[in-house]
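Contents: one structure, followed by commentary.
The values are calculated or read from the model by the stated rules, or taken from the named source; none is laboratory data. What you see is a predicted model, and the numbers here were worked out from it, not measured in a lab. Cβ: placed from backbone, ideal geometry, glycine included. Neighbour counts: every protein chain shown. Areas reflect the complete protein model, heavy atoms only, side chains present, ligands, DNA and RNA absent. Shrake-Rupley method; radii C 1.70, N 1.55, O 1.52, S 1.80 Å.
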Amino acid sequence: MHQPTVRKTLVIIGGDFHYPPYEFLDKYGEPSGFNVDLSRAISEVTDLDIHIKLGLWKDMRDALHNGKIDLLQGVSYSTQRARSVSFSEPYSSVEYAIFTRENSGAVTTLEEMNGRSVIVESGGAMYDLIRSEYPHITVISAYNHENALRKLASGAGDFALVSKVAGQYMIRKAKLEGIRAMGTPISLERYCYATVHHPELLPEINRGLEILKNNGTYQRLCDKWLSEPQLGLSTAEVIKYGSLVVAPLFTLFVLSVLWSKMLHRKVEERTEELQREIQEHLKVQKELETKQKLIVHSDRMTTLGIMASGIAHEVNNPNGMTLMNIPILQDSYNDALEVLDDCYETHGDFLLGGLPYSRMRDEIPQMLGDMLSGAKHIKNIVRDLKAFSRKGDPEDMEIQDVNRLAMASTRLVRSMIKKSTRRFTVALAPDLPPVMASAQRIQQVIVNLLLNACQALENTEQGITLSTHYDAECEAVVLLVSDGGIGIPHEHMDKITNPFFTTKRERGGTGLGLSVSTSILKEHCGALEFKSVPGMGTTVTMSIPSATDSAAPTSPQNTHEKTL
């Protein structure tokens, strides 16, 4: 006789999408980690049908309070949080440690950080603790623990405060150099499941945790994710294997010394001759290397343009179907709404798409609206990307609107701008005279200037301004990109447009951006000018002659400004 099927309660549990080894998205984009496996194991031994949803930790905390998720895993317990959030029994203890650069001074307590700056995950336990109890510590926000460690390694802040296990795991995986954990952990946090709107779920969660601890599953998960492999050799083994290695090496060393003495005389005889030949070929070699790098860079940019154009075309077709079908789905849902409401009033709540209809009734129109808005945004990006990827030759000059080229360039690097600053301002003067230009090549210059400005910023509070105006005296249209970043050292000002000169080589810089941009402006009879104060920022001025014999300048009162 078959046992009746028990209908499980659907529960959506949120977590951090990048907090290994506790929770993260693996290389296939699927939730993984200790917390994820533990939640899935609870689902198997209880009447809860648990679905995992990972995202930015700050967004997940907001989703918990807004009711978009039912539970949040990996939440540190505190009496302050317990006033507004219900917690399960603790299932893990997490040590938080101070991480610092190897050449920095040592501290062992939070009190010793007064007057210093510390990088912490925004919305995390340490973020709440420092903001509420240590007002004299400057907090630098990071969107996850790895971001905090990367900022520390790059020179931002004095310290980082992250989970010791997760921090050491990320340092190994990301191969971050020059940073280390200091001394004894400063805080021991108890990880729990937390809820705001569904405290009735916690007894079942606690029951599942008790079952997993009794049947050994919990310990197996700890061994899988939280235990480090023990490596080491006994003293006898070290001596044994060391002798096997050292003896041959010593013999080789003796032989190499004898052999090197025999060769030394011959090497000296050839040295002077080779030095003369090297000096003769050095200049030619440098010229060939410069030309080769330019060819490789040009070929990569051409290939990238072809790939971008092809990808844009492939994206445009399915996105067009989405734009066409979503309005039909919206109309269809509106037509069916009356029938669904009658069913709800007659028979009570029911599942729609795996979730209660009372919840989905208002969420489906919002989902469809968000999808339509996103599809329109994709359409605009694809349009700009296709235009930017077209080959722009110097002879392909047409009448162009600099304001339109500036906004198209801004859309192409919008994600980089949003990541770099919260203070991006655009001030475009109306009624600018047109210019004779290649749209793709001028966009290439503007994109390069915006990316350089983003890379110059040290934090998101520093701003970037993009503006245009007409210079009546020079009869030129002028575009300015100003940033409040680190500035350019005086000794570099005369070199920044030289090919292959870069201060960002460790971050992948080639030193070709400003060199190519300067060449493009010369083709347009224009110019690039740089003004910079170290520590205060840089302003780059791009000027192109107008395509009209006379054009009235625009007064500052008519300038249109907006902040993105």
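Here are the numbers for this structure:
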quantity: All positions within the stretch 229-248 that are open to solvent by less than 100 Å² (accessible area, probe 1.4 Å) and at pLDDT 65 or above; calculated: S243, V245, V246, A247, P248
quantity: Verdict on M170 being of a type in the set (A, V, I, L, M, F, W, C) and over 19 Å from P21 (Cα atoms); calculated: no
quantity: Subset of the stretch 81-129 (residues that are open to solvent by 50 Å² or more (accessible area, probe 1.4 Å) and within 13 Å of V162 (Cα to Cα)); calculated: E95
quantity: Helices (runs of 4 or more DSSP H) fully within the stretch 389-486 counting 2 or more residues that are among the hydrophobic types (A, V, I, L, M, F, W, C) and either open to solvent by less than 50 Å² (accessible area, probe 1.4 Å) or without any contact (Cβ under 8 Å) to a residue 12 or more places away in the chain (or both); calculated: 402-412, 439-456
quantity: Residue match in the stretch 134-154 (condition: among the aromatic types (F, W, Y), within 20 Å of S76 (Cβ to Cβ), open to solvent by 50 Å² or more (accessible area, probe 1.4 Å) and touching a residue at least 12 places away in the same chain (Cβ under 8 Å)); calculated: yes
quantity: Looking only at the stretch 354-378, and only at residues there that are open to solvent by 70 Å² or more (accessible area, probe 1.4 Å) and over 30 Å from V413 (Cα atoms), the one that is modelled with the lowest pLDDT; calculated: D362
quantity: Residue check, E200 in a helix (DSSP H, G or I) and either of a type in the set (D, E, K, R) or buried (at least 16 other Cβ atoms within 10 Å of the Cβ) (or both); calculated: yes
quantity: Failed item in (1) farther than 27 Å from S227 by Cβ; (2) of a type in the set (D, E, K, R); (3) modelled with pLDDT of 90 or more, with E89 passing the rest; calculated: (1)
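Yes or no, residue by residue, for (1) in contact with a helix residue (DSSP H, G or I) (Cβ under 7 Å, 6 or more places away or on another chain); (2) not small (G, A, S):
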site: R7; (1), (2): no, yes
site: D16; (1), (2): yes, yes
site: T46; (1), (2): yes, yes
site: A97; (1), (2): yes, no
